[in-house]
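J.: Before we start, here is the structure in question, set down as structure tokens.
The values are calculated or read from the model by the stated rules, or taken from the named source; none is laboratory data. As the structure is a prediction and not an experimental result, all values here were calculated from the model. Here the Cβ is made from the backbone with ideal geometry for all residues, glycine too, and neighbour counts use every protein chain on show. Quick note on the areas: whole protein, heavy atoms, side chains included, nothing else; ligands and nucleic acids left out. Shrake-Rupley method; radii C 1.70, N 1.55, O 1.52, S 1.80 Å.
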Amino acid sequence: MDFACMGVDAIQVGLRAGDFSATEVAQSSLDRIERIDGAVNAFLEVTPELALAKAAEVDKAIAEGSFDQMGPLAGVPVAFKDNMNQIGTHTTCASRMLENYVSPYTATCVQKVIDAGGLPLGKLNMDEFAFGSTTETSAFGTTKNPWGLDRVPGGSSGGSAAAVAAGLATVTLGSDTGGSIRQPASFCGVVGVKPTYGAVSRYGVVAFGSSLDQVGPFARNVRDAALTLNALCGRDPLDCTSQACDFDFTANLDQGVEGMKVGIVPAFLDAEGLDREVRNAVMGAADKLASLGAEIVEIELPNAQAAISAYYVLAPCEAFSNLSRFDSVRYGYCDPGHKDLGGQYEASRAQGFGVEARRRIMLGSYLLSSGVYDKYYYPAQQIRTLITQDYLNAYQKVDVILSPIAPSVAWKFGAVSDPTSMYLADMFTISINIAGNGGMNLPVGLGEDSGMPVGVQLIAPPFKDANMLRAAAALEREYQCVGVAPDFAGEAAVKDGE
């Protein structure tokens, strides 16, 4: 049986009915990865022993009549971005710096998904240390978009998005610092959720920007993402930024949007560089929400245009601080043959980090230097406060905000090579990380010009992520989203790059 297109509910119904076992689900997924991932390169490491061992636990629970106590992801194939520690795996962050690093412990988010019954298939490709928007900065090869193998999958969680779009896993986890869940979800035509900052523990996730990072799920439908959030969210004593979040994210999915107020930002829709097919998709989604009983309200986010400028001060500064630990002594690649510590340190970091990582380290070092810090870092923090207040003001008028995810659909490899142009691809997602709000991608069909997936962004007030999931579920029923990319559906999927 092919489980590639099944969602969480379908898998669990089949397990309860005895139509198949969790071991069969795990083995089928592992076989599919072996057969197909050569074309996509979503996985950096596959963990058959861990997946089959967890499947055996699930099968035992079924036999003993305790399956319903296993958790919301019992028997579901899952995988994790390779910046999340998991005992029994390497955690490389797609960097030569950590190529041989073996996880000594398991991240809370990973443990929660496994404790909820998920079958851990392995670790997923990403931009090196999450620095990028295409997964091209990975030291271990580029991930390809299942909707077009000549197209980027987005980033930095490109492997997580591509694995779901290719039917290699039912649910995956990614991290989002400036759009790294939502943008690849849009490019690959899947659901991707960045919850409110603090809703999910970051303990055990290798940090990029500690005040911006958040973990969230990829799935092929809104309900699967909501079930995963049920497993993920909550207070963790190992992460002082995490908050209590005891809410059933599936509870309001069937309520519709009657009476909801949905905000749109005219400045976003008129932004320079926004492709026509993306704008049409957002306006089409607004029209559908209105037809379902929502009130569409125009709102202003007057400081949002400064978000990119603020982000590319704050994020490199935090990255510089977080990456200082990889010095070849405590962690990371050690360049051989040096007689002095300074030479070893410089050579190891020069060889261990890729071009984009070195660029961001140098930028962060400069921005935190004497005489520059006051000029850039303090104003960036002030802009952060203003952006956060803009969103709080907007949520006095609306329940959720609708906007683009990215200015275009997934582009072809090599089409965007300038770093500044690459950074501008996050123009609609960065402000949400700065403010700490929840945001998600919902696929709403294919672009009329490109034929590639187009997504819309739904943004919720802090710790009211259920608002955006409710609106997304209503839209999903209208659009009937595809899920698995056509070339990878069923047993006719592409094999090993053919």
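J.: Whenever you get a sec, compute what percent of the accessible area on the stretch 261-375 sits on carbon and sulfur atoms (1.4 Å probe).
T.: Working: 3000 of 5910 Å².
Using a 1.4 Å probe with all protein chains present, the stretch 261-375 comes out at 51 percent carbon and sulfur.
J.: Tell me whether the stretch 241-306 comes out rounded, prolate or oblate; compute the Cα gyration tensor, take square roots of the eigenvalues as a ≥ b ≥ c, and use a/c under 1.5 as the rounded threshold.
T.: Numbers: a/c = 2.22, a/b = 1.34, b/c = 1.66.
It comes out oblate by the Cα gyration axes.
J.: Let me ask another. Counting C-alpha atoms alone, how compact is the stretch 69-157: give Rg to one decimal and Dmax as a whole number, in angstrom.
T.: When restricted to Cα atoms, the stretch 69-157 yields Rg and Dmax of 14.0, 44 Å.
J.: Within 13 Å, Cβ to Cβ, of Pro404, how many net charges do the neighbouring residues add up to if Lys/Arg are +1 and Asp/Glu are -1?
T.: Working: positive: Arg182, Arg276, Arg279; negative: Asp270, Glu272, Asp275, Glu277, Asp426.
Here the charged neighbours net out to -2.
J.: In nanometres, what is the gap between the two model label sites at Phe20 and Glu300, each 7 Å from Cα along Cα-to-Cβ?
T.: It works out to 5.5 nm between the two label points.
J.: Taking only protein heavy atoms into account and a 1.4 Å probe, give the accessible area per residue of the stretch 130-276 in Å².
T.: 26 Å²
J.: Any chance you could list P(r) for the stretch 48-107, counting all Cα-Cα pairs in 10 angstrom bins from zero, rounded to whole %?
T.: Result returned by the calculation: 21, 40, 26, 12, 2.
J.: Which whole-number value in Å³ per residue fits the convex hull of the alpha carbons of the stretch 383-483? Kindly include the intermediate steps, with their values, before the conclusion.
T.: Working: hull volume 11.4 nm³, N = 101.
Per residue, the Cα convex hull of the stretch 383-483 comes to 113 Å³.
J.: Can I ask one more? Equivalent-ellipsoid semi-axes (√(5λ), Cα gyration tensor) for the stretch 151-208, whole Å, largest first? List each step's numbers first, then the result.
T.: On the way: eigenvalues 75, 28, 21 Å².
Over the Cα atoms of the stretch 151-208, the semi-axes work out to 19, 12, 10 Å.
J.: When the C-alpha atoms of the chain are aligned to their principal axes, what extent does each axis show, in angstrom, from largest down?
T.: In descending order, the Cα extents are 66, 57, 46 Å.
J.: Same structure again: What is the Rg over Rh value, at two decimals, for the stretch 1-147, using alpha-carbon atoms and the Kirkwood definition of Rh? Don't skip to the answer; put the middle values down first.
T.: Details: Rg = 15.8 Å, Rh = 15.8 Å.
Result for the stretch 1-147 is an Rg/Rh of 1.00.
J.: Sum -39500 (n - 2.57) across every DSSP H segment of at least 4 residues in the chain, then divide by the residue count to get the 222 nm mean residue ellipticity, nearest 500.
T.: Numbers: 16 runs with 191 residues, N = 498.
It comes out at -12000 deg cm²/dmol, rounded to the nearest 500.
J.: Can you tell me how the stretch 1-69 classifies by the Cα gyration tensor, rounded, prolate or oblate, using a/c under 1.5 as the rounded cut?
T.: Since a/c reaches 1.5 and a/b is larger than b/c, the shape of the stretch 1-69 is classed as prolate.
J.: Give the calculated FRET efficiency between Met1 and Ala56 to the nearest 0.05, with a Förster radius of 25 Å applied to their Cβ-Cβ distance. All intermediate terms of the calculation are to be shown ahead of the outcome.
T.: On the way: r = 19 Å, r/R0 = 0.74.
My answer for the efficiency is 0.85.
J.: Which lysines does Lys194 reach when only Cα atoms under 23 Å apart count, and residues fewer than 8 places away in its own chain are ignored?
T.: Lys81, Lys112, Lys123, Lys144, Lys261, Lys397, Lys464
J.: Using a Förster radius of 45 Å, what is the FRET efficiency between Gln389 and Ala251 based on their Cβ-Cβ separation? Nearest 0.05, please. Display every interim value, and only then the final one.
T.: Working: r = 30 Å, r/R0 = 0.67.
For Gln389 and Ala251, the calculated efficiency is 0.90.
J.: Right, here's the next one. So, by mean Cβ neighbours within 10 angstrom, what's the order for 188-196, 168-176 with the highest one leading? It would help to have the intermediate numbers written out before the result.
T.: Details: 188-196: 31.4, 168-176: 29.8.
Top to bottom by mean Cβ count within 10 Å: 188-196, 168-176.
J.: Using the alpha carbon gyration tensor of the stretch 154-307, what are the three equivalent-ellipsoid semi-axes (square root of 5 times each eigenvalue), largest first, in whole Å?
T.: Details: eigenvalues 140, 74, 65 Å².
Semi-axes (√(5λ), whole Å): 27, 19, 18.
J.: Each label point is 7 Å from the Cα along the Cα-to-Cβ direction; what then is the distance between the points at Ser417 and Tyr373, in nm?
T.: In this crude label model, Ser417 to Tyr373 measures out at 3.8 nm.
J.: Still on this model: What's the local net charge at Glu128, with K and R +1, D and E -1, over the other residues with C-beta under 15 Å away?
T.: Details: positive: Lys81, Arg96, Lys123, Arg349, Arg358, Arg359, Arg360; negative: Asp82, Glu99, Asp127, Glu136, Glu356.
Value of the local net charge: +2.
J.: While we're on this one: Find the percent of Cα-Cα distances in the stretch 312-414 that exceed 22 Å, and round it to a whole number. Show your work: numbers first, answer last.
T.: On the way: 2946 of 5253 pairs.
For the stretch 312-414, the share of Cα pairs beyond 22 Å comes to 56 percent.
J.: Run through all the Cα pairs of the stretch 83-237 and give the fraction in each 10 Å bin from 0, expressed as whole percent.
T.: All Cα pairs, binned at 10 Å, distribute as 13, 46, 37, 5, 0 percent.
J.: List the cysteines in the chain whose Cβ has no other cysteine Cβ under 4.7 Å from it.
T.: Here Cys5, Cys93, Cys109, Cys188, Cys240, Cys317, Cys334, Cys481 come out as lacking a disulfide-compatible partner, given the Cβ-Cβ threshold of under 4.7 Å.
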